Every structure is written in structure tokens, then in C-alpha cells.
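Structure, as C-alpha cells:
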Amino acid sequence: MRRLSPDKVPCQFELERLSITSSLSIDSIVQKMAHAAAEKKAAEIVILNMKDICSYTDFFLICSGRSTRQTKAIADEIRLQLKADGVAPLRVEGEPRGDWVLMDYLSVVVHIFTPEARDFYRLEVLWKEAPRVQAVTL
């Protein structure tokens, strides 16, 4: 999690961003999300460290489901497991259609794709300068 410099007065968005994560660290949250996705058989789970690249999030978690039904199940499992720790997404987009579900947890943005949508958008290529973080298997 980024630290605020003493001379910077945080805006309301930054305060919300820091407080949305409950008592868990951002690193443990993204790992818990990866574990939840793996429990629903998500494929190609990738965690990108975005801290030095963009200002709106610390991590991207990118994964795939074989079908829209599976992408929705992965999103449901992530939401359920994080809710138990008091962490909720600011917003979720794309669930009705299911080919790209985006879950915005502010410090972590989760992208759940069908294989076709992932091939089309190619976020790993777009953000290729972002370091990859190893997902810890629990």
C-alpha cells in the first residue's frame, strides 16, 4: 500500500482507497483473490504490480474462465471470500454478459475474462512493463 507523504493532503478518493482494505494488507488481499479464483478453476492467473506504473491501483489480477458461467462463478467466489474479511468492491462491471468481469477494489482491479475476450484485450501485453507477482498457493 502506498504511503501518503506528510506534505500531501489526501483527497477523499485516496482516503477511501486506503480504508477499503479492512485490516488486511494489499498483498494478502490480492493473494486471497488469486486463491479464490483458483478454487473455481480459473486459468492463467496473473498478478501485475501496478504501483509504479499507474496512480489508480496497486495490482491487477487477471484470470480466465472457460465460459461466461465460469467467469461469473469466479467473480462470486472472490466477492464471497473477501466479504468475509470486510472487503467489498467499489463496483463490478460486466457480470450480466460475463465475457469480461471487472471488479474494482480500488487497490486491486480484478479482470476475469473468457479466453476469447482475453485474447482480444491482451492486458498483459498492454501492461507488459508491469512486474509479475507470484501467486502463492495456499
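The values are calculated or read from the model by the stated rules, or taken from the named source; none is laboratory data. Every value quoted in this text rests on a predicted model; they were computed, and no experiment measured them. Glycine gets a Cβ as well: all are built from the backbone with ideal geometry, and neighbour counts include every protein chain shown.
A few comments on the model shown:
- Taking region 57-110 as the range and being under 18 Å from residue 31 (Cβ atoms) and assigned to a helix (DSSP H, G or I) as the test, the residues that pass are 74, 75, 77, 78, 79, 80, 81, 82, 83.
- Exclusive hit being under 14 Å from residue 37 (Cα atoms) and among the acidic types (Asp, Glu), set 76, 85: 76
- Residues located in region 1-26, provided they are surrounded by 17 or more Cβ atoms within 10 Å (Cβ to Cβ) and either at pLDDT 50 or above or not in a loop (DSSP other than H, G, I, E, B) (or both): 17, 20, 26
- Condition check for residue 46: β-branched (Val, Ile, Thr), farther than 20 Å from residue 23 by Cα and either touching a Pro at 6+ places or on another chain (Cβ under 7 Å) or not in a helix (DSSP H, G or I) (or both): yes
- Within region 54-81, being at pLDDT below 95 and under 17 Å from residue 132 (Cβ atoms) holds for one residue alone: 54.
- Every residue from region 111-138 that is in a loop (DSSP other than H, G, I, E, B) and modelled with pLDDT of 95 or more: 114, 122, 127, 128, 129, 130, 131
- Long-range neighbours under 8 Å by Cβ, at least six apart or interchain, first residue under 11 Å from residue 109 (Cα atoms) within region 23-35, second at pLDDT 95 or above and surrounded by fewer than 20 Cβ atoms within 10 Å (Cβ to Cβ): 30/133; 33/81
- Those residues of region 80-138 which are surrounded by 19 or more Cβ atoms within 10 Å (Cβ to Cβ), more than 17 Å from residue 58 (Cβ to Cβ) and touching a residue at least 12 places away in the same chain (Cβ under 8 Å), in sequence order: 98, 100, 101, 112, 113, 114, 117, 118
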